[in-house]
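The values are calculated or read from the model by the stated rules, or taken from the named source; none is laboratory data. If you're wondering where the values come from, they're calculated on a predicted model, not measured in any experiment. Counting neighbours? That spans all protein chains shown, and the Cβs are built from the backbone with ideal geometry, glycine included.
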Amino acid sequence: MVPAPGEFSAAPPGEDAGHLLDARSGIDAGPGTERVAQWLRGTVGAATGLPLPPHTGDRDGIVLRIAPEESGNPEAYGLTVDRHTITLRAAAEPGLFHAAQTLRQLLGPDAFRRAPVTSKRRWEVPAVTVRDAPRFRWRGLMLDVARHFMPKDGVLRYLDLMAAHKLNVLHLHLTDDQGWRVEILKYPRLTEIGSWRARTRFGHRASPLWEQKPHGGFYTQDDIREIVAYAAERHITVVPEIDVPGHSQAAIAAYPELGNTDVIDTTTLSVWDDWGISPNVLAPTDNTLRFYEDVFEELLGLFPADAAEFSQFVHIGGDECLKDQWRRSPTAQARIRELGLADEDGLQAWFIGHFDAWLTARGRRLIGWDEILEGGLAKGAAVSSWRGYGGGVAAARAGHDVVMCPEQYVYLDHRQEAGADEPVPIGHVRTLEDVYRFEPVPPELAPEEAEHVLGAQANVWTEVMEDHARVDYQTFPRLAAFAEVAWSHLPASGERDFAGFEERMAEHYRRLDALGVGYRPPSGPLPWQRRPGVPGRPIEGTPPNR
């Protein structure tokens, strides 16, 4: 099973043959379990061809129970299978949903299909006992839909893939220099102009190749509501990211007054068609602050704070803000003097701090990339530690919450092997085993400091991923390894068993096949997964800029 459960025991051969699901089997759904029962009918029922109707009684079916005495952890669960019943118990619905995912794995790879592929009318579930709970509360995947747009159906598909791996936070990178992807009713030009670019560089930014056709797309507000609701049904929280004050050229192209107009003619800017870091950043003016307050006001309505633990978070980026324009801008320099700041780093800290206070006043929490530490960390802010562990360590020691996502381990846009056949190879080689060896909690943190590590996140930046097939190739199977790191507790030895994980992956590849995931095979890329002649950046030891 992937991720590996905390406790798993199977009945010895011959003692119990397990449980047979057939056309007579139903679901005995206790109070509060109705959504999980509905999910089982829609997925397992569809794959097996079994109706799984409502059923009461203690025999011949699936029993779902919310049992508060089971555990204080809402994501913990228990599962037992014997000759008479399959019983799923949890303290709360999230745990029960994870139990249902485990049951699906026990049924075999064909249970991951959307319709039956076999004429068999009985499905055997082995006699087992499982008790399980996650190691980390935040088990995230970041999807960059700004560099290459992923249509709504693709996002919904990835939510299903996340649920199958017991991940619970989708971080949506919605804006960047290369595109603005969310409808803001007050500022329609953000999507009319900012959501598409005239052409796209094919490959890394050193590549001479261009795709000479427009690229774009955006999510309507109803699309976002649908994504958020679909995620919630799978106990996944969607955390939106609106990047400020850097990575903002698409917004400036739509509304030139947002840029540093005293330095450059912002009316000549278009949505950026290249990769790397644009020098065109937001002007530190009151007009810019009011504009983005309006944007965030609409965003809060699309991503409501509810009972889900991380639903109050809003990501504001804060990374890779080139400050050359601020150094040359009389307006920016006047603001530095007015605020009594030391330098441009302090100006960025002031910018971030403004939105930290603004979000806090509305019952929300700011999270940003670890550059928000520069110039002083805003009160109440959490940190996504991407430039190694250092930012996360500093933040945790200062009492701030941290999500560990160091690019050296969990940037899934990095190439998976050193071979020449890897498509558009960039960054470090990060193999399946490298991801599996990732440890989110740095050893130098004291126990009370380590409590600030909310969890971990794998990041998928899409500059060189032009469609869902490329996203699949870069993301899988490494996301399965990451999911086990984020969910499964370390063994007493402190060392994870990669050989055992590879053995379990042999079965898991069949599940991914059934789900239609175009993962990288262990033997290397298939012919149609290669990108011959498209330059990457195969430099070891040098962290690539996004």
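When the range 164-184 is filtered for residues that are touching a strand residue (DSSP E or B) at 6+ places or on another chain (Cβ under 6 Å), closer than 22 Å to Trp138 by Cβ and of a type in the set (A, V, I, L, M), the ones remaining, listed by number, are Leu167, Val169, Leu170, Leu172, Leu174. Please determine whether any residue of the range 306-317 is among the aromatic types (Phe, Trp, Tyr) and touching a strand residue (DSSP E or B) at 6+ places or on another chain (Cβ under 9 Å). Checking the range 306-317: at least one residue is among the aromatic types (Phe, Trp, Tyr) and touching a strand residue (DSSP E or B) at 6+ places or on another chain (Cβ under 9 Å).
Quick check on the range 382-401. Is at least one of its residues small (Gly, Ala, Ser) and on the phi > 0 side of the Ramachandran plot? Talk me through it step by step, then tell me what you get.
We begin by selecting, within the range 382-401, every residue small (Gly, Ala, Ser); these are 382, 384-385, 388, 390-392, 394-396, 398-399.
Narrowing the set further to residues that are on the phi > 0 side of the Ramachandran plot leaves 388, 399.
For the range 382-401, residues small (Gly, Ala, Ser) and on the phi > 0 side of the Ramachandran plot: present.
You will find that of Glu439, Glu444, Glu507, the residue that is within 30 Å of Ala47 (Cα to Cα), at pLDDT 95 or above, in the same structural domain as Glu309 (by TED's automatic domain parsing) and of a type in the set (D, E, K, R) is Glu507 and no other.
Could you list, in sequence order, the residues of the range 364-380 that are farther than 18 Å from Glu320 by Cα and either in contact with a Lys or Arg (Cβ under 6 Å, 6 or more places away or on another chain) or at pLDDT below 95 (or both)? Don't jump to the end; show me each part of the working.
Of the residues in the range 364-380, the ones farther than 18 Å from Glu320 by Cα are 364-365, 379-380.
Answer for the range 364-380, where residues must be farther than 18 Å from Glu320 by Cα and either in contact with a Lys or Arg (Cβ under 6 Å, 6 or more places away or on another chain) or at pLDDT below 95 (or both): Lys379, Gly380.
The residue that is nearest to Asp176 (Cα to Cα), counting only those in the range 140-159 that are part of a helix (DSSP H, G or I) and either free of Cβ contacts under 8 Å to residues at least 40 places away in the same chain or in contact with a Leu (Cβ under 8 Å, 6 or more places away or on another chain) (or both), is Val155. Looking for something in contact (Cβ under 8 Å) with a residue 12 or more places away in the chain and surrounded by fewer than 17 Cβ atoms within 10 Å (Cβ to Cβ) - is there at least one such residue anywhere in the range 231-240? Looking for residues that are in contact (Cβ under 8 Å) with a residue 12 or more places away in the chain and surrounded by fewer than 17 Cβ atoms within 10 Å (Cβ to Cβ), one finds at least one in the range 231-240, hence yes. Taken together, the residues in the range 312-327 that are in a loop (DSSP other than H, G, I, E, B) and under 24 Å from Leu359 (Cα atoms) amount to 5.
Within the set Ala283, Ala332, Ala307, Ala254, the sole residue that is at pLDDT below 95 and either more than 26 Å from the chain's Cα centre (by Cα) or farther than 24 Å from Arg201 by Cα (or both) turns out to be Ala307. Those helices (runs of 4 or more DSSP H) of the range 446-546 in which 1 or more residues are touching a Leu at 6+ places or on another chain (Cβ under 6 Å) occupy 468-475, 478-487.
Return the only residue of Ala37, Ala111, Ala91 being without any contact (Cβ under 8 Å) to a residue 60 or more places away in the chain, crowded, with 18+ Cβ neighbours inside 10 Å and out of contact with any strand residue (DSSP E or B) (no Cβ under 6 Å at 6 or more places or on another chain).
Numbers: Ala37 fails: out of contact with any strand residue (DSSP E or B) (no Cβ under 6 Å at 6 or more places or on another chain); Ala111 fails: without any contact (Cβ under 8 Å) to a residue 60 or more places away in the chain.
Being without any contact (Cβ under 8 Å) to a residue 60 or more places away in the chain, crowded, with 18+ Cβ neighbours inside 10 Å and out of contact with any strand residue (DSSP E or B) (no Cβ under 6 Å at 6 or more places or on another chain) holds for just one of Ala37, Ala111, Ala91, which is Ala91.
Tell me the residue from Lys166, Lys152 that is touching a Pro at 6+ places or on another chain (Cβ under 7 Å) and closer than 26 Å to Gly516 by Cα, please.
Values: Lys152 fails: touching a Pro at 6+ places or on another chain (Cβ under 7 Å).
It is Lys166.
Scanning the range 291-311 for residues that are assigned to a loop (DSSP other than H, G, I, E, B) and loosely packed, with under 15 Cβ neighbours inside 10 Å yields Pro304, Asp306, Ala307.
What is the number of the single condition among (1) without any contact (Cβ under 8 Å) to a residue 40 or more places away in the chain; (2) assigned to a loop (DSSP other than H, G, I, E, B) that Gly194 does not meet? Answer for Gly194: the failing condition is (1).
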